[in-house]
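Read through the structure below, which is laid out as C-alpha cells, and then see the notes.
The values are calculated or read from the model by the stated rules, or taken from the named source; none is laboratory data. Source: prediction; values computed, not measured. Positions of Cβ are generated from backbone atoms using ideal geometry, with glycine treated the same way; all protein chains shown enter the neighbour counts.
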Amino acid sequence: MAVRRLELVMTKWNRPRYWVIGGSSLAVAVLLLIFRPYVLISGLQSAGLYAAIALPMALILGIVGIVNLAHGEFLMVGAYLAYFFNATMGVGPLASIVPVVVLMVALGIGTYRVSIRKVLAAPELNQLLLTFGISMVLSQLVNLIATSQPRSVSMSYATVSATIGSTSFGVFDFVYDVLAVLILVGLQLFLKRTRSGKAAVAVGQNPTGARLVGINVDGTYLLVFSIAIGILGILGPIFLVRHSVFPMVGGAYTMKSFSLVAMAGIGNLTAILWCSLALGMAEAFIKSFQGYGDWGDIVFFLMIIVVILVRARRTS
Amino acid sequence: MNQRSAIIILIVVGLFAVTLPLYAGPYPQSIGQMVFLYMSLAVSWDMLLRSGQISFGIAGFFGLGAYTSVLTVLDLKLPPLLSILAGGILAGVVALVVGFVVLRLRGMYFAIVTLALAEIFRVIINNWASLTGGPEGKVLSSVIFGGDARLLYWLTLGVAVLTLLMSELFRRTRIHFALTSIRDNEVVASSSGVNITAYLTIAFAVTSALQGITGAAYAQVYGFVAPDGSFSTDFTLLPLAMALLGGVYGSAGPVIGALLLGVASEFLKLYIPYGHRIVYGLVIVVVILFLPRGIAGIVRRKRAPREGGHA
C-alpha cells in the first residue's frame, strides 16, 4: 500500500503547469504548421531524439540521485561501438543494437561497481566531480583509440524522404519519436508493474525506508543504472545512422538532457516528452532563419537558465 | 613542519621561481609560463569551491578575459598591460551581473549553469563576427614586451602571485569564515548573520576576474584569440584536476597540483599527442574515489591524525 502511494506521488500530474506547457506547444505547432511546416517536422524529430536521450538521465537522477555528467559520453561510446561493428564486420547499425546493448550494460555495471557506488554517501560536490571526470575519461579514451576524426555510416534507409504538399523531409528521424514514446512507456511499465520497478520507486523516494522494509538498495541502484546505460546502448547505434560522431559529440546532449530533466521536474518522466517538444520546436524555429542558425544553441542554453531559475524560485 | 620552516621553504621556492629565467633556457621558461597560468586558474577555482559551489565555467571567464584584452589592444589601442587589467574587470563585471541570477542556484544546478554559461560566451563570441573576428579569431600584431621570454615569464608569475595573494586574503579574513559556514550549513550561516548572497557574489566576481586576468595574460603571451582555442575545455579540465590532486580548500594544494600536472602535461603532450587529456580525467576520478583531500590532505593527516574526511 505504501509503495502504491509513493508511485502516485512520483507520477503526480501537476495539472495547471502541464496544461500551460501542452496548450502553448499545441498553439505554436499549429502556427508553425501554417507558416513554417519544415520547422514543425524537424522540431518534432529533434524533440524525439532529445526526449529519448533525456529519459535515462531522468531515471538515474530520480532513483539513484546522481547527475550523470557523463551521460552524453555513454551515448557517444554506444555510437562508436556500432561504428566499429560496422567498420570491422560489416554489421549494420540497427543489427548491431543487440551486441552494443550487451556491451553497454556491462560498461554500466562496471562503472557503477567501480566508481558511482563509492560516492553515493559522499557530498554532492564529489558526485559531480566524479561524473565530470568519467565524461573526460570516456571521451578521451575514444579520442585515443579512434582520433578526433568524425565518423559516420551511410545507410540507404537513412535518406528516405517523403513529400507533403511542397515540403519534403527525411522520414528516418521519426524513429526517435517512436523510440522516445516506447522508452517512456517501457519505463513506466517497469516502475509501476514489476516488483523490482516498484522497489526502485521506493528507493528513489526514501533509501533508508526502502532498506528497512527489506529492499536491496545497492542492487536496485545497480539495476537502474545499468538499465539507463543499456537504453543509451539502444540509442547510440540509431544516433549513428543520421549523425556523424566524434569524441566530444556527447557534451551537448548531457546539457540538453539535464535541462529537460530540470524543466520537467526530477522524477517526472512523462513531462520530459512535452518539454522536449517545446525545446525542439524553439530550436528548430531559430535555426530556420538563414544566417542565424548558429544562435540555435544559445536559445537552448538560455532556456536552461530561465527554466532552472523559475523552478528554483518556485521551490524556495 | 612548523611555522618557521614553512616560511623558509616558501622563501626558497619563491626565490627559485623568480630567478629561474636567469639560468634556465627558453624551454623551461615556457613550461613555467603554462604552469603559472594554470596554477592561477586552479587556485581561483578552489577559492569559489570553499563556499561549496562548483564552477565548470572557468574556460568561459578565461575566454572573455582573453578576448577583452586582445580587442582593447587592437581596437582601443590600450597598452597591453592595461588591457590585461581590462580583461579582468570585464570578466568580473559579467560575473557580477550573471551572478545576481545564477547564485540563487545551488549544487548541481549551479554547476550545470556555469557549464552552460561558458558555452553561451563561446557561441556569442563565435557569432559576433564584426567585433570578434568570428571563428578565425584575432591575431595581435606583436606579443606583449616584444616577446622578451624573461618578461613573459615574470608576467605569468605575477598573475599567479596575484591570485595566490587574493587566495590568502580569502583565507585570512572573515571571508574565510563566511564561505566555510556557507559550505557547511547555509541555514546556520544565515541565521548567524552571514550575508550569504553578498559573500557568494564577492567570491564569484573576484574568482571570475582572476580567471579573466589569467585569460588576458594568456592571450597577450601567445598573441592570438580564437573561439575554440580561448574557450577550450582544457581551461576547465586541467585546473580542476590540478586542484583536486593537490588538495582543495587551501592555496597550497592547487599550487602543488599545478606544479605536478603542469610539468607532467608537457611530457604527456609529447608521448600521447591524441587523448593525453585522459590522464586528467583519470586523475579526477582516482582522487575523488581514493584521496578526496588530495596530496595536501595526506600531509595534513600525518601531522594531525584525527583530521580527515571527505572533500
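Counting residues in the stretch B:221-229 that are in contact with a helix residue (DSSP H, G or I) (Cβ under 8 Å, 6 or more places away or on another chain), assigned to a helix (DSSP H, G or I), under 30 Å from B:V143 (Cβ atoms) and small (G, A, S) gives zero. If you filter the stretch A:274-294 down to residues that are surrounded by fewer than 17 Cβ atoms within 10 Å (Cβ to Cβ) and assigned to a helix (DSSP H, G or I), you find that the one that is modelled with the lowest pLDDT is A:G293.
Listed by position, the helices (runs of 4 or more DSSP H) enclosed by the stretch B:1-108 that each have at least 2 residues that are modelled with pLDDT of 95 or more are B:26-49, B:58-76, B:80-102. Tally time: how many residues in the stretch A:149-188 are assigned to a strand (DSSP E or B) and touching a helix residue (DSSP H, G or I) at 6+ places or on another chain (Cβ under 6 Å)? Qualifying residue count for the region: 3. A:S276 fulfils the conditions (1) more than 10 Å from chain B (Cβ to nearest Cβ); (2) within 22 Å of B:V123 (Cα to Cα); (3) in contact (Cβ under 8 Å) with a residue 40 or more places away in the chain; (4) out of contact with any Phe, Trp or Tyr (no Cβ under 8 Å at 6 or more places or on another chain) except for a single criterion, (4). Mind checking which residues of the stretch A:225-249 are over 20 Å from A:A146 (Cα atoms) and out of contact with any Phe, Trp or Tyr (no Cβ under 9 Å at 6 or more places or on another chain)? Scanning the stretch A:225-249 gives A:G230, A:I231, A:I234.
In summary, B:V161 fulfils each of the numbered conditions (1) within 21 Å of the chain's Cα centre (by Cα); (2) hydrophobic (A, V, I, L, M, F, W, C); (3) more than 20 Å from B:M47 (Cα to Cα) with the single exception of condition (3).
Of the residues A:I305, A:I227, the single one that is within 14 Å of chain B (Cβ to nearest Cβ), buried (at least 17 other Cβ atoms within 10 Å of the Cβ) and farther than 27 Å from A:F35 by Cβ is A:I305.
The single condition among (1) farther than 24 Å from A:S135 by Cβ; (2) surrounded by fewer than 18 Cβ atoms within 10 Å (Cβ to Cβ); (3) more than 12 Å from chain B (Cβ to nearest Cβ) that A:H243 does not meet is (1). Scanning the stretch B:267-285 for residues that are outside any loop (DSSP other than H, G, I, E, B), free of Cβ contacts under 8 Å to residues at least 40 places away in the same chain and either over 24 Å from A:L130 (Cβ atoms) or not aliphatic (A, V, I, L, M) (or both) yields B:F267, B:K269, B:L270, B:Y271.
Yes/no matrix, rows are residues, columns are (1) closer than 27 Å to B:L49 by Cα; (2) out of contact with any strand residue (DSSP E or B) (no Cβ under 6 Å at 6 or more places or on another chain); (3) facing another protein chain (nearest Cβ under 8 Å); (4) of a type outside the set (G, A, S):
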site	(1), (2), (3), (4)
B:S83	no, yes, no, no
B:A91	yes, yes, no, no
B:A111	yes, yes, yes, no
B:F121	yes, yes, no, yes
B:N126	no, yes, yes, yes
B:K138	no, no, no, yes
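Of all the residues in the stretch A:105-148, those that are more than 8 Å from every other protein chain (Cβ to nearest Cβ), farther than 23 Å from B:L245 by Cα and assigned to a loop (DSSP other than H, G, I, E, B) number 0. In the set (1) touching a His at 6+ places or on another chain (Cβ under 9 Å); (2) without any contact (Cβ under 8 Å) to a residue 60 or more places away in the chain; (3) not small (G, A, S), A:V217 fails one condition alone, (1).
Please tell me if B:I144 is within 14 Å of another protein chain (Cβ to nearest Cβ) and of a type outside the set (S, T, Y). Against the criterion (within 14 Å of another protein chain (Cβ to nearest Cβ) and of a type outside the set (S, T, Y)), B:I144 does not qualify. The combined condition, being crowded, with 16+ Cβ neighbours inside 10 Å and more than 10 Å from chain A (Cβ to nearest Cβ), is not fulfilled by B:G107.
Of all residues assigned to the stretch A:39-56, at least one qualifies as being out of contact with any helix residue (DSSP H, G or I) (no Cβ under 8 Å at 6 or more places or on another chain) and in a helix (DSSP H, G or I). Scanning the stretch A:88-106 for residues that are under 23 Å from A:Q140 (Cβ atoms) and either free of Cβ contacts under 8 Å to residues at least 12 places away in the same chain or surrounded by 21 or more Cβ atoms within 10 Å (Cβ to Cβ) (or both) yields a count of 4.
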